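One structure is given below, encoded as structure tokens.
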Amino acid sequence: MFAFLLLAMLALAGRLTYIQLKKGEQLGIRADSQQQGYQRQVAVRGTIYDRRGRILAGTHIVPSVYGDPVMIYDNMATAESVSAIISEPPRPIFEKLEQAAAKKSRFVFLARGVDVEAADSLMTIRRKRGNGLFDGIGIQYEPKRTYTTGTVAGHVLGAVNIDGEGIEGIELYYDKVLRGKDGREAFIRDAAGRKIWLIKDQCRPPVDGKHIILSIDRVIQQFTQRILGQTCEYYKAESGTAVVMDPKTGDILAMAVWPEVDPNAFGNTAAEIRRNRAITDPFEPGSIFKPFIAAHALQDGVTQLGESIYCHNGAYTVGRRTLHDAHGYGYLTFQEVVSKSSNIGMAILGQRMGNGKLYEAVRAFGFGQRSGVDLRGEAPGIVLPLKRWTDYSTMSIPMGQEIACTSLQLANAFAALANEGQLLKPRIFRGAIDENGLLIDERIEPELINQAVTPEIARTMVLDVLRLTVTSGTGKRADVPGYQVFGKTGTAQIAKSTGGGKGHYEENAYVGSFLGGAPASDPQIVVSVNIRRPNRRIGYYGGTVAAPAVKEIIRAYFEYMHIPPFEDPNEKEEVKNVGGFDTTAE
Amino acid sequence: MNEEQTIKHNDLMLGFFRYQGYALMLQGLVLALMGLGLVMIYSAQGRVDRPPLHEAFFTTPAGKQLVFVGISLLMIIIFSWINYDWFRPGETTLGSVGFWMLLLSVILLIGAYIPGIGMEINGARRWIKFGSFTFQPSEFAKIALMIYLAGKLSQSEFPRKEFLRGLLPLSLVVGLICGIVGKEDLGTAAVIAAVSGLLLVAGGIQLWYLILPAVPAILMFVYLILSEGYRVQRITSFLNPEADPQGSGYHAIQSLLAIAGGGWWGMGLGEGTQKYGYLPEDTTDFIFSIICEELGSVGGMAVLGIFMVFVIVGWLIFRHVKDDFGKLLVFGLMGVIAMQATINIAVATVSVPTKGIALPFVSAGGSGLIFAGMAIGIVCSVNKYSQWNLLKDS
């Protein structure tokens, strides 16, 4: 027997040798693959701050429940047990497990972004019960993008998809900066999928994304959105946009679109509403376009302050075309042509300038080209090439027809007038904060695009012409006592999508606009408000619909900035009398 | 003291010391195995979620094993001091220790089947509850049966050449024990049956007589295999483990993965990964695979080498012992332990179908360790006292 046992043991030693020689390699690889696990280490997306460091979009870490079908004995029983704890229906969980099992996948998310307490209790129960229903169930912590103030600046911020990739707005434009780089964790796991130790040389730490500071001011954005919303709702408008800018730097302080969008529920919002209309939707501006042409008329010397222009009592026929003014005027000064928004007066100026000069004026203020704002999807607007301009154009362009531009382009061109004629590149990005908390890539110096008009002319336009619109012209409702509001009203008909010219406009469909700024002596903000398709019976003139909104925004702005009135609002305002004409008459 | 007395006295003393080297070697081998077992159990019990050791060390397999090793060593010391003559059958059946031990083990074996006393672990009823301890009666029955058989076969008046009065009663006893054990633990039953058969031959039973009880024994063996579905599966999955890698072939595949993963020199002590829930019974039946994973196939061969030296020492003792009872005791007890080790390693290396059987002195488990210690103690006692007993009687 002793000999037999010795022989048997020798045979077993041989068997061991055989295993090593014959099967070693193949089996060794299998042991590795069953025991090595990999997990994505998600890089945390950078935070988006407003210009004063308030959080607009942040990332917090939420637990998600995942399953490993290989480790689960009974998918239905496990689905039911898990669903009871995280209080979600078991059926979808079961189906996800079945699908993953069919694909032989070893990782499937069962519920994303679950309650932290539910996740904790799930893991506690799993630990206590040991091998049981919760084998193969795990928690992975994932970053979740949260827009802390809901709809505030929703259109500017855009949104991310479920995997944390920017799909719209700032989130898309600065996706690379914000996103960072995912890492990977490699580890040896036990049979239930729990980590035992790391495989150090296969691990890669994640690199978090950088934070971004915007030029947006959350408070200004908030009241701008509120005022715009109230206006649109009151006039039962289709949509509305408002842009608030700092003319000295080109900073966009607020950019509002109504109807509002909540980036937290971006996926559930219609594409129609998600669009940032302030930059994507060009429209025919109408009368608010007049100041830009008027400024160049002054610069080109075809007119001068105080010149009397005969306005044909409201009906002016050139060839087969007859132009009309809302009110018939005889003689109007140059200032009054703008402040009372005379189409006929502007057409006459246009005729004096000729198409070439008009085209220069239009291009000088940046129309027909993208402003270059750092947002995705900006439309360049429509300015036809000069050779396609006709005699019609000579009279249409000065009153803001045959041309299309966005709210942002209008605000920016108006800011140029307020900024001594300097057309700046509008911007929304002020700087980024890197992983060490240091400010990088800061934008301090404004970027000059073009000197749109001479500083003197720009100042004259603001102080003498546009201020007059608010004090005695069509924009009286925009005035905020003491703050020298200046501006221009506009009521544009909406062109049919087939193309320009009279008779090509929709019946009773208007955009009521106001371009404003304050104070005239040293402009600090410009505001563009455009209300599309207000209900005609409630009101549709720019001076009725948009001017009060601009007034509210300007008033709220100075209140927020703690800037006292520049003049005593109780004192009767003394208006400069230029050229001996009584500009306050009428 | 006259000259004759002096010579006899010297011979007696020599009997004590002459072969003491064998006992020391045997105890050294056992100590080595126990030490290796402790280390490997400590390693194999590693779990991701096990509480820190200082909290409950003595509830872990390694902690318990440490206690059992202590008791086992005590058993070796006690039984090597007790003259094995004590186990020799007396004038009557009722006067022999072996008989009573056998009777007790039968009662305990049956007790394991009684609900309330017996305990089921992993679907097998092999244990008796004993307060907070569990006790595996088959471990005791093995030793008791060997002592009983050795006693019977060494009696000079035993009619070993006859079939009816000689072989048949002993075969029935072996059959009874194997039957009760085999119902739940076929591997142990096979070890007992094989060693008993060899013991009967060594005890003088005619070899060809054994064919007669062997036929029903084999039939019973086949019946027991077929009576439990899992045993058939184990055999089919042994032939082709890949057919059901997550089911009946799981043990075999995971054991091979451990051995292959370790390579020749092993992943290093404590570095193995198969113990993390992949290889079941990692501290008990499949501890050999864990040894191979962490210490390599070279380490596994070292364990085989220790058991081979163990067998050789057993043979050396067997050779020098002069009285029949002592010889048969050494044969049976060493045979049972070595046979069990062989089958365990054969299972771990997937050389035979999977069976739940422990590696003596290494696997975690109290009953096996304690009674294996008792067996080693008795063997040492035989080694020490056999010459003394012969001379004393003369």
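The values are calculated or read from the model by the stated rules, or taken from the named source; none is laboratory data. In this text the structure is predicted, and so the values were computed from the model without any measurement. Here Cβ is always computed from backbone atoms with ideal geometry, including for glycine, and neighbour counts include all displayed protein chains.
Here are the numbers:
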quantity	calculated
Wholly enclosed helices (runs of 4 or more DSSP H) of segment A:304-409 bearing at least 2 residues aliphatic (A, V, I, L, M) and under 16 Å from A:Lys290 (Cβ atoms)	A:334-339, A:343-364
Candidates B:Ala252, B:Ala189, B:Ala194 - the one that is of a type in the set (A, V, I, L, M, F, W, C), in a helix (DSSP H, G or I) and touching a Gly at 6+ places or on another chain (Cβ under 6 Å)	B:Ala189
From A:Val42, A:Val70, A:Val62, residue being of a type in the set (A, V, I, L, M, F, W, C), out of contact with any helix residue (DSSP H, G or I) (no Cβ under 6 Å at 6 or more places or on another chain), closer than 18 Å to A:Pro205 by Cα and surrounded by fewer than 20 Cβ atoms within 10 Å (Cβ to Cβ)	A:Val42
Criterion violated by B:Gly305 - all others in (1) facing chain A (nearest Cβ under 10 Å); (2) over 16 Å from the mean Cα position of the chain (by Cα); (3) crowded, with 24+ Cβ neighbours inside 10 Å; (4) not in a loop (DSSP other than H, G, I, E, B) satisfied	(3)
Sole residue being on the phi > 0 side of the Ramachandran plot, over 17 Å from the mean Cα position of the chain (by Cα) and either away from every other protein chain (no Cβ under 14 Å) or touching a residue at least 40 places away in the same chain (Cβ under 8 Å) (or both), chosen from A:Gly158, A:Gly209, A:Gly180, A:Gly138	A:Gly180
Where A:Arg52 falls short, out of the listed (1) within 14 Å of chain B (Cβ to nearest Cβ); (2) at pLDDT 90 or above	(1)
Criterion (out of contact with any Pro (no Cβ under 6 Å at 6 or more places or on another chain) and among the aliphatic types (A, V, I, L, M)) met by exactly one of A:Ala43, A:Ala102, A:Ala79, A:Ala119	A:Ala102
Test: residue in segment A:77-88 that is within 40 Å of the chain's Cα centre (by Cα) and either in a strand (DSSP E or B) or without any contact (Cβ under 8 Å) to a residue 12 or more places away in the chain (or both)	yes
Close pairs (8 angstrom Cβ cut-off, 6 or more residues apart or separate chains): more than 15 Å from A:Ala458 (Cα to Cα) in segment A:296-308, of a type in the set (S, T, N, Q) anywhere	A:Gly306/A:Thr333; A:Gly306/A:Gln335; A:Glu307/A:Thr333; A:Ser308/A:Thr333
Criterion: over 30 Å from B:Ser255 (Cα atoms), assigned to a helix (DSSP H, G or I) and within 14 Å of chain A (Cβ to nearest Cβ) - qualifying residue of B:Ile312, B:Ile317	B:Ile317
Flag for B:Val379 being assigned to a helix (DSSP H, G or I), under 17 Å from the mean Cα position of the chain (by Cα), closer than 23 Å to B:Ala194 by Cα and of a type in the set (Val, Ile, Thr)	yes
Filter result for A:Ala192 (under 30 Å from B:Leu257 (Cβ atoms) and either crowded, with 22+ Cβ neighbours inside 10 Å or within 14 Å of chain B (Cβ to nearest Cβ) (or both))	yes
Residues satisfying the stated conditions in segment B:110-150, i.e. farther than 17 Å from B:Thr188 by Cβ and surrounded by fewer than 24 Cβ atoms within 10 Å (Cβ to Cβ)	B:Ile114, B:Pro115, B:Gly116, B:Ile117, B:Lys129, B:Phe130, B:Gly131, B:Ser132, B:Phe133
Every pair of residues 6+ apart whose Cβ atoms lie under 9 Å, when the first sits in segment A:467-485 and is at positive phi and in contact (Cβ under 8 Å) with a residue 60 or more places away in the chain while the second is surrounded by fewer than 23 Cβ atoms within 10 Å (Cβ to Cβ) and not in a loop (DSSP other than H, G, I, E, B)	A:Gly482/A:Phe558; A:Gln484/A:Leu463
Segments classed as helices (runs of 4 or more DSSP H), wholly inside segment A:169-259, with at least 1 members that are farther than 28 Å from A:Gly46 by Cβ and touching a helix residue (DSSP H, G or I) at 6+ places or on another chain (Cβ under 6 Å)	A:218-234
Unmet criterion (only one of (1) in a helix (DSSP H, G or I); (2) on the phi > 0 side of the Ramachandran plot) for A:Gly539	(1)
Scan of segment B:84-98 for residues that are part of a loop (DSSP other than H, G, I, E, B) and hydroxyl-bearing (Ser, Thr, Tyr), ordered by number	B:Thr92, B:Thr93, B:Ser96
Residue satisfying all of: in segment B:335-352; touching a residue at least 60 places away in the same chain (Cβ under 8 Å) and among the aliphatic types (A, V, I, L, M); nearest to the other protein chains (Cβ to nearest Cβ) among these	B:Met339
Number of the condition not met by A:Glu507 [criteria: (1) modelled with pLDDT of 90 or more; (2) closer than 18 Å to A:Ala237 by Cβ; (3) of a type outside the set (Ser, Thr, Tyr)]	(1)
Verdict on B:Met40 being within 24 Å of B:Gly314 (Cα to Cα) and at pLDDT 85 or above	no
Residue list for segment A:332-379, restricted to those being free of Cβ contacts under 8 Å to residues at least 40 places away in the same chain and closer than 28 Å to A:Ile213 by Cα	A:Gln369, A:Arg370
Some residue of segment B:228-236 being among the basic types (Lys, Arg), under 21 Å from A:Ala191 (Cβ atoms) and away from chain A (no Cβ under 14 Å)	yes
Whichever residue in segment A:309-331 is touching a Phe, Trp or Tyr at 6+ places or on another chain (Cβ under 6 Å) and closer than 11 Å to A:Ile344 by Cβ and, among such residues, is surrounded by the fewest Cβ atoms within 10 Å (Cβ to Cβ)	A:Tyr310
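Residues checked against (1) within 10 Å of another protein chain (Cβ to nearest Cβ); (2) over 23 Å from the mean Cα position of the chain (by Cα); (3) part of a helix (DSSP H, G or I); (4) polar (S, T, N, Q):
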position	(1), (2), (3), (4)
B:Leu224	no, no, yes, no
B:Gly247	no, yes, no, no
B:Gly266	no, yes, no, no
B:Gln274	yes, yes, no, yes
B:Thr283	no, no, no, yes
B:Cys292	yes, no, yes, no
B:Gly296	yes, yes, yes, no
